[in-house]
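Trainee: The following block contains the structure, expressed as structure tokens.
The values are calculated or read from the model by the stated rules, or taken from the named source; none is laboratory data. Bear in mind the structure is a predicted one, so any value in this text is a computation, not a measurement. Virtual Cβ from ideal backbone geometry, glycine too; neighbours counted across all protein chains shown. With ligands, DNA and RNA removed, areas are computed over all heavy atoms of the protein, side chains included. Shrake-Rupley method; radii C 1.70, N 1.55, O 1.52, S 1.80 Å.
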Amino acid sequence: MMPVLKREAAEARSDCNMLPKVPVPDLQLTLDAYLRSVQHLVSKTQFRKTKAIVETFGKPGGVGEKLQKQLLEKREKTENWVYDVWLEDMYLKNRLALPVNSSPALVFPKQSFRDVKDSLMFAARLILSVSQYKTMVDGKTLPADVARGQKADAPLCMDQYKRLFSSYRRAGLEQDTLITADGSSDSGHVIVACKNQFFTLNLTEGSCRLNEADVQAQLQWIYEQTLNAGQKQPAVGLLTSDGRTDWAAARDQLLKDPVNRESVEVMERCMCVVCLDDPTGLEPSDANRAALMLHGGGPDKNGANRWYDKPLQFVVGADGVCGVVCEHSPFEGIVLVQCTEHVLKHIRSSSCKPSSSQSTSELPHPRRLVWKCSARIQSALASSADHLQRLVRNLDMSVFTFTAHGKELIKRQKMSPDAYIQLALQLAFYRCHRRPVSTYESASLRRFRQGRVDNIRSATPEALVFAKAMTDGRTSIQDTEKMEKLRAAIEAQTQITALAVAGMGTDNHLLGLRETAKEMKMKTPDIFSDETYHISNHFILSTSQVPTTEEMFCCYGPVVPNGYGVCYNPQPDRMLFCVSSFRESKETCSGLFVRALDEGLQDMMRLCTKHTDHSNRAE
């Protein structure tokens, strides 16, 4: 669950070092919570085996206690005991391609551009708005984030903001590296991608900053240059869309030439990438725009007009399809939302003011990045194009807005909107597949020093009982009983959410114990080689709440081949869901899931309304 934020004045800014460290949960509490979370996901025989393994692991003087002691010592010596192992496990060791599999996107409202000039004006305003936000980040003048909901008014760690513009994910053969430049480094330039070509756009000339007319003129020059086929460079951005090991191998080859090495270094140091996309010819539906943000439409559309290693890629399509793609390892979605909402508001205020500035004609032109591609690199480019096209064909995206009600009706039932929606997702999956599955819901840990996220295991036993009651055809189950099961499931979800955001979740703790065993050169404890552990970490439902105040929505792909990615944005009078799956899986279908979700939300609304009516009459 991403926290709903409010902002405090800049002088009240949260100092990360003043926040408490992430706690190490009690070992026995974690093991008990783990067993409770998996019992209904595996067979009785498998659970008996797992229970015995867990009890052996947690017995006094056993392996678990030894590892726990090491974790407690690590907490004393480090700022955040789980940060590094979590970052490696969640992102840097993952070998899948970034588009769809890892990088989420925010989709803007479709823009009504009349011509290329309009789109370049929008891009110029966007670039200046991003630059202005970076100035606030660098100067530490951003208002502090303060949580609402669970642990309301708690100050949140602002550490992630500094990585918005200074980070880069460098591909490695076995593991990627997240590079974060210090504040004194040169990051005053933007990379502009247009027709698969990359240009360096400096936002200052001497001691002067470029104004809107200057930036628009530079973008116009870039656009005109890309119309000259004689100067066209290879579409090297395609390589960054490939699997991480394949891209790392190609990168090693690319860097053997000093010209390429210089181009890559310029890419790594930029504050962000701005992608000027060509029209795709696709209907600009919510689902199509979401998919285009995630993968660009493939190599024959705008899929090569990207550099996926950079955390921020703002997309401005000539057909009005706009948004931002995020490399996720440096920061969480709510940080991206805060930045993007500021940018959109700034663009809107700029568009209300007639521009009186004129471009300085003697500005030096942006520099096109040059690439020297060997036959081996050309072969890698062809392979990357094939892999990206397969990913495009495979993604099944559906965007659904539930308009019967929003979060205000849920609040009137004295229920948590997030817990209610999680129950609706469990019900939808159960209706589609008649079984529960391991579910991931992100829980923000920004109340702690350098906090990122832990997992809320939303597939609770109470959620399963509720889903069964709602799908059982027997008329013997009365609405009052269903309502009791709904409230019990909401309460269970609310409790595990509170534990997770308080640093008492099970997943990070188990991860820390597992990785500590590796560091101590231990034989892998049975708890981590047990089938149940692997089942519980195969997140068929990967979910996240990403609330926005601007008219935009977040989307991402599934995290496993037979899973769903579900991002939701509850508003006062409606709820928006972005559901993704893979077409190659015979088990999943985004359209069917959305229909089951709609049906479940309608049923839950009728149940709550009927119960409220009965309660009112009783009074």
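Trainee: So, in the range 87-100, exactly how many residues are within 14 Å of the chain's Cα centre (by Cα) and surrounded by fewer than 23 Cβ atoms within 10 Å (Cβ to Cβ)?
Mentor: 3
Trainee: With the checklist (1) part of a loop (DSSP other than H, G, I, E, B); (2) of a type outside the set (D, E, K, R); (3) more than 30 Å from Val22 (Cβ to Cβ) in hand, flag the one item Val192 doesn't pass.
Mentor: Of everything listed in (1) part of a loop (DSSP other than H, G, I, E, B); (2) of a type outside the set (D, E, K, R); (3) more than 30 Å from Val22 (Cβ to Cβ), Val192 misses just condition (1).
Trainee: If you don't mind, another one. Taking the options Ala287, Ala249, name whichever one is among the small types (Gly, Ala, Ser) and farther than 30 Å from Leu173 by Cβ.
Mentor: When all the criteria are applied, what remains is Ala287.
Trainee: Something else about it: Among the residues of the range 354-397, which ones are among the hydrophobic types (A, V, I, L, M, F, W, C) and at pLDDT below 95?
Mentor: If the condition is that a residue be among the hydrophobic types (A, V, I, L, M, F, W, C) and at pLDDT below 95, then Leu363 is the only one that fits.
Trainee: With respect to Gln358, is the statement that it is assigned to a helix (DSSP H, G or I) and among the polar types (S, T, N, Q) true?
Mentor: It is false that Gln358 is assigned to a helix (DSSP H, G or I) and among the polar types (S, T, N, Q).
Trainee: Turning to a different aspect of this structure: From (1) in contact with a His (Cβ under 7 Å, 6 or more places away or on another chain); (2) outside any helix (DSSP H, G or I), pick out the condition that doesn't hold for Ala459.
Mentor: Of (1) in contact with a His (Cβ under 7 Å, 6 or more places away or on another chain); (2) outside any helix (DSSP H, G or I), only one is false for Ala459: (1).
Trainee: Among the numbered conditions (1) outside any helix (DSSP H, G or I); (2) within 17 Å of Met604 (Cα to Cα); (3) of a type outside the set (A, V, I, L, M, F, W, C), tell me where Gln422 comes up short.
Mentor: (1)
Trainee: Consider the range 515-525. How many of its residues are part of a helix (DSSP H, G or I) and more than 11 Å from Gly64 (Cβ to Cβ)?
Mentor: Residues meeting the conditions: 3.
Trainee: Which count do you get for residues in the range 552-601 that are more than 13 Å from Phe429 (Cβ to Cβ), in contact (Cβ under 8 Å) with a residue 12 or more places away in the chain and in a loop (DSSP other than H, G, I, E, B)?
Mentor: 13
Trainee: Select from the range 167-186 the residues that are within 22 Å of Leu276 (Cα to Cα) and either surrounded by fewer than 18 Cβ atoms within 10 Å (Cβ to Cβ) or free of Cβ contacts under 8 Å to residues at least 24 places away in the same chain (or both) and list them in ascending order.
Mentor: The answer is none; no residue qualifies.
Trainee: Report, ordered by the first and then the second residue, all pairs with beta carbons closer than 9 Å, sequence separation of six or more or different chains, a first member in the range 432-461 that is in contact (Cβ under 8 Å) with a residue 60 or more places away in the chain and more than 19 Å from Met504 (Cα to Cα), and a second member that is open to solvent by less than 10 Å² (accessible area, probe 1.4 Å) and in a strand (DSSP E or B).
Mentor: If the second residue must be open to solvent by less than 10 Å² (accessible area, probe 1.4 Å) and in a strand (DSSP E or B), the pairs left are Val437/Leu541.
Trainee: Here's a follow-up. Does any residue of the range 123-134 turn out to be assigned to a loop (DSSP other than H, G, I, E, B) and charged (D, E, K, R)?
Mentor: No - not one qualifying residue is present in the range 123-134.
Trainee: Then there's this: Please state which one of Glu551, Glu519, Glu531 is surrounded by fewer than 16 Cβ atoms within 10 Å (Cβ to Cβ) and within 22 Å of the chain's Cα centre (by Cα).
Mentor: Being surrounded by fewer than 16 Cβ atoms within 10 Å (Cβ to Cβ) and within 22 Å of the chain's Cα centre (by Cα) holds for just one of Glu551, Glu519, Glu531, which is Glu551.
Trainee: Another one. Look at the range 275-305 and say how many of its residues are among the hydroxyl-bearing types (Ser, Thr, Tyr) and either outside any loop (DSSP other than H, G, I, E, B) or within 23 Å of the chain's Cα centre (by Cα) (or both).
Mentor: Adding up the residues that qualify gives 1.
Trainee: Quickly run through the range 229-268 and pick out the residues that are basic (Lys, Arg) and either open to solvent by less than 20 Å² (accessible area, probe 1.4 Å) or modelled with pLDDT of 95 or more (or both).
Mentor: Within the range 229-268, Arg244, Arg251, Lys256, Arg261 qualify.
Trainee: State whether the residues of the range 237-244 include one that is among the hydroxyl-bearing types (Ser, Thr, Tyr) and in contact with a Leu (Cβ under 8 Å, 6 or more places away or on another chain).
Mentor: Yes.
Trainee: Could you list, in sequence order, all residues of the range 1-42 that are surrounded by fewer than 18 Cβ atoms within 10 Å (Cβ to Cβ), more than 21 Å from Thr506 (Cβ to Cβ) and at pLDDT 55 or above?
Mentor: Of everything in the range 1-42, those that are surrounded by fewer than 18 Cβ atoms within 10 Å (Cβ to Cβ), more than 21 Å from Thr506 (Cβ to Cβ) and at pLDDT 55 or above turn out to be Asp15, Asn17, Met18.
Trainee: Please work out which one of (1) open to solvent by less than 10 Å² (accessible area, probe 1.4 Å); (2) touching a Gly at 6+ places or on another chain (Cβ under 8 Å) is the condition Gly298 fails and give its number.
Mentor: With respect to (1) open to solvent by less than 10 Å² (accessible area, probe 1.4 Å); (2) touching a Gly at 6+ places or on another chain (Cβ under 8 Å), Gly298 is out only on (2).
Trainee: Here's something else I'd like to know. Kindly establish whether Gln46 is closer than 30 Å to Cys16 by Cα and either of a type in the set (S, T, N, Q) or part of a helix (DSSP H, G or I) (or both).
Mentor: So Gln46 does not fit the description; no.
Trainee: Does the range 433-455 contain at least one residue that is farther than 30 Å from Met18 by Cβ, part of a helix (DSSP H, G or I) and at pLDDT 95 or above?
Mentor: yes
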